[in-house]
Amino acid sequence: MNLTLFRSKHAPLAVLLVLGFAGFSIAANAPWGREVSTHRGFLLATGWAALLLMVIVMAYVLRKYAHRGGYSPEFRRKVDYASLEGAENRIKRLRQQINAGALPTAKEIESEAQRILREEGVHKVNRALVKPGPPGGDPFIVRIVPTEPLGRVARWMHVHSAYGTAFGFLLLMHAGTAPQSAFGWTLLGLGFFVFATGILGIALWAVGPRWLTRREKDLSIEEATAFQASLGRKRSAALESLDAPIARRMRSLMGRRPRSADDVRDLIGELTQNAPDQVPALQDLAALMAQERVVASEVKALRRVRATFTAWKLVHIPVAIVLVGLVAVHVASIWKY
């Protein structure tokens with residue numbers, strides 16, 4: 001299972017926050033929700049805390065799409081390829097020194113790696129990450145990763161998950177289980193729908209990679225996708241080596257759906273009779289196309305598995321957007337009246 005999310009430092013902080021408000025409720029003898037006997041301070045505190053948590057949760061969304069859209073600061077900092085290559089070569093030599101025992105501690109290794117990055121002028125876009133190696137392997141593993149000045153997206157996801165869960169409990173404390181208006185019921189219903197789908201997403205995030213790994217055979221989905229693209233480029237190069245009329249016939253075949261093995265075999269059999277000098281090139285092309293079909297089928301199956309444990313986002317995200325809008329209306333109305 002993928003348990004890194006549950007080992008995040010934000011998970012215990014979120015738990016402490018919820019327990020703190022539960023203790024406030026007991027100490028002030030304040031029932032949850034908008035009842036006559038509800039402590040006004042408890043009601044306001046849970047409301048503003050829930051709003052703050054929602055802002056924090058939405059910050060993850062902004063961080064993720066800033067990264068996807070290329071707006072993060074690390075994408076604005078450009079260095080030349082020669083500097084990156086120079087840094088990579090020196091890091092390779094550093095790994096050799098580590099294996100020889102020249103640098104025995106992670107602190108020394110990290111300091112030396114950072115010095116290399118600074119001297120090569122790439123320290124603003126890359127940083128060194130040093131971890132102990134596996135038993136029987138290298139003593140330390142040195143990885144060069146992006147600096148990400150706004151924080152890693154994965155860590156923001158930990159923030160999103162932990163405080164999003166806390167938001168659900170604070171929402172229950174603030175609104176109770178019996179709102180006094182249709183608008184209140186709408187907010188409560190949407191809030192708990194987002195909360196429930198978020199919990200489902202956490203569970204699927206924990207077990208989903210195991211499902212995908214179990215389905216993966218010789219290649220991961222990333223490797224299979226890259227292999228498929230490589231085969232496509234080789235197929236295009238093989239087509240360029242054929243005579244123009246034969247290449248046109250093959251391209252015409254590849255443009256049809258479905259493109260079965262029988263179709264390819266029949267056409268290549270016909271072409272080899274009319275152009276025996278093209279037999280080796282056509283056989284190579286047929287082999288590439290057969291391999292490409294197998295890899296494409298594998299990529300499609302792996303993407304189907306991945307889509308299975310990400311489908312919850314199709315309802316979680318749009319409902320969350322509606323909820324944010326209605327919460328803004330709620331806050332504005334409370335502020336005004």
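The values are calculated or read from the model by the stated rules, or taken from the named source; none is laboratory data. Fair warning: this is a prediction, and the values are worked out from it, not measured in the lab. Counting neighbours? That spans all protein chains shown, and the Cβs are built from the backbone with ideal geometry, glycine included.
Just one of the numbered conditions (1) modelled with pLDDT under 85; (2) assigned to a helix (DSSP H, G or I); (3) under 15 Å from residue 173 (Cα atoms) is not true of residue 32; which one?
Residue 32 satisfies every listed condition except (2).
Taking the criterion of being outside any helix (DSSP H, G or I) and in contact with an Asp or Glu (Cβ under 8 Å, 6 or more places away or on another chain), would at least one residue in region 172-189 satisfy it? It would help to see each step written out before you state the result.
Restricting attention to region 172-189, the residues satisfying the condition of being outside any helix (DSSP H, G or I) are 176-181.
Adding the requirement that they be in contact with an Asp or Glu (Cβ under 8 Å, 6 or more places away or on another chain) leaves 176.
Checked against the condition, which is being outside any helix (DSSP H, G or I) and in contact with an Asp or Glu (Cβ under 8 Å, 6 or more places away or on another chain), region 172-189 yields at least one hit.
Taking the condition hydrophobic (A, V, I, L, M, F, W, C), surrounded by 20 or more Cβ atoms within 10 Å (Cβ to Cβ) and more than 29 Å from the chain's Cα centre (by Cα), does residue 172 pass?
Numbers: hydrophobic (A, V, I, L, M, F, W, C): yes; surrounded by 20 or more Cβ atoms within 10 Å (Cβ to Cβ): no; more than 29 Å from the chain's Cα centre (by Cα): yes.
It is false that residue 172 is hydrophobic (A, V, I, L, M, F, W, C), surrounded by 20 or more Cβ atoms within 10 Å (Cβ to Cβ) and more than 29 Å from the chain's Cα centre (by Cα).
Residue by residue through region 295-310, note down the ones that are surrounded by 13 or more Cβ atoms within 10 Å (Cβ to Cβ) and of a type in the set (A, V, I, L, M, F, W, C).
295, 296, 299, 301, 302, 305, 309
Are any residues in region 310-326 free of Cβ contacts under 8 Å to residues at least 40 places away in the same chain and in a helix (DSSP H, G or I), and if so, which ones? Full working, then the answer.
First, the residues of region 310-326 that are free of Cβ contacts under 8 Å to residues at least 40 places away in the same chain: 311, 314, 317-318, 321, 325.
Hits for region 310-326 are 314, 317, 318, 321, 325.
Go through region 211-308 and tell me which helices (runs of 4 or more DSSP H), entirely inside it, have 2 or more residues that are modelled with pLDDT of 75 or more, under 30 Å from residue 201 (Cα atoms) and of a type outside the set (Asp, Glu). Step through it out loud before you land on a result.
Values: elements: 221-240, 244-254, 261-274, 279-308.
Correct list: 221-240, 279-308.
Residue check, residue 80 against (1) in contact with a strand residue (DSSP E or B) (Cβ under 8 Å, 6 or more places away or on another chain); (2) modelled with pLDDT under 85, all met but one. Which one?
(1)
Would you mention how many residues in region 146-165 are in contact with a strand residue (DSSP E or B) (Cβ under 9 Å, 6 or more places away or on another chain) and assigned to a loop (DSSP other than H, G, I, E, B)?
Matching residues across region 146-165 total 3.
Look at residue 193 and say whether it is surrounded by fewer than 18 Cβ atoms within 10 Å (Cβ to Cβ), modelled with pLDDT of 90 or more and in a helix (DSSP H, G or I).
Numbers: surrounded by fewer than 18 Cβ atoms within 10 Å (Cβ to Cβ): yes; modelled with pLDDT of 90 or more: yes; in a helix (DSSP H, G or I): yes.
For residue 193, the condition - surrounded by fewer than 18 Cβ atoms within 10 Å (Cβ to Cβ), modelled with pLDDT of 90 or more and in a helix (DSSP H, G or I) - is met.
Can you name every residue in region 83-94 that is surrounded by 14 or more Cβ atoms within 10 Å (Cβ to Cβ), modelled with pLDDT of 85 or more and under 29 Å from the mean Cα position of the chain (by Cα)?
Matches in region 83-94: 87, 88, 91.
Which numbered condition in (1) exposed (fewer than 15 other Cβ atoms within 10 Å of the Cβ); (2) at pLDDT below 90 is the only one that residue 60 fails?
(1)
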